[in-house]
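Take a look at the structure set out below.
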Amino acid sequence: MVPNELIEYYESWVKEQGSSSSEDEVNGHLRAYVVELKDVWEKRAILRELRFRAGGVVCSGTVDCVEKPTTVCMHGSHPTCAKHTDDCFLCVPISKLSQLTR
Ligand SMILES: [Zn+2]
Ligand SMILES: [Zn+2]
């Protein structure tokens, strides 16, 4: 089982980083910025994994989307957030594959 406290920890971490990363303080040390981005990306991926293991649903739009799914993708098959209904990674490859084999 995944304790809710753990999920909440990552949720608050991701929220804090998301709001501060676009500020002007990041100019200069590009390398540190890249490391920070990777760190944020990993935390988002971990948060998705934890939610999934806890029996929750995660958005199928991007692998690091941490929005709570409120709708389904364009094919109506998978949960996505409102922003990613056209970017479902479970459906897009399938439609591309069927084009290739036609
Ligand atoms: Zn999304
Ligand atoms: Zn889909």
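None of the figures in this text is laboratory data; all of them are computed from the coordinates on show. This is a predicted model, so every value here is computed, not measured. Ideal geometry is used to build each Cβ from the backbone, glycine not excepted, and the neighbour counts take in all protein chains shown.
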Would you list, by chain and number, the lysines whose Cα falls below 23 Å from the Cα of residue 96, excluding same-chain residues fewer than 8 positions away? 83
For residue 67, what residues show an amide H to amide H distance below 5 Å, using hydrogens built from the backbone and excluding near sequence neighbours? none
Relative contact order (percent) for the chain, with alpha-carbon contacts under 8 angstrom and 6 or more residues of separation? 19 percent
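Could you work out the mean projected area of the convex hull around the alpha carbons of the range 42-86, in square nanometres to one decimal?
Taking a quarter of the hull surface, the average projection is 2.8 nm².
Helix-only mean residue ellipticity at 222 nm, the chain, DSSP H runs n ≥ 4 weighted -39,500 (n - 2.57), per residue, nearest 500. What is it?
Per the formula, -16500 deg cm²/dmol.
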Show me, for the range 57-69, the HN-Hα J-couplings you get by feeding each phi into the Karplus relation (A = 6.51, B = -1.76, C = 1.60, θ = phi - 60°), rounded to Hz, glycine and proline as x. 9, 10, 5, 9, x, 9, 6, 10, 6, 10, 5, 6, x
If you average over every viewing direction, what projected area does the convex hull of the Cα atoms of the range 4-100 give, in nm²? 8.0 nm²
Along the charge dipole of the chain, which of 72, 13, 50 sits closest to the positive end, that is, farthest toward it, with unit charges on the beta carbon of Lys, Arg, Asp and Glu (+1, +1, -1, -1)? 72
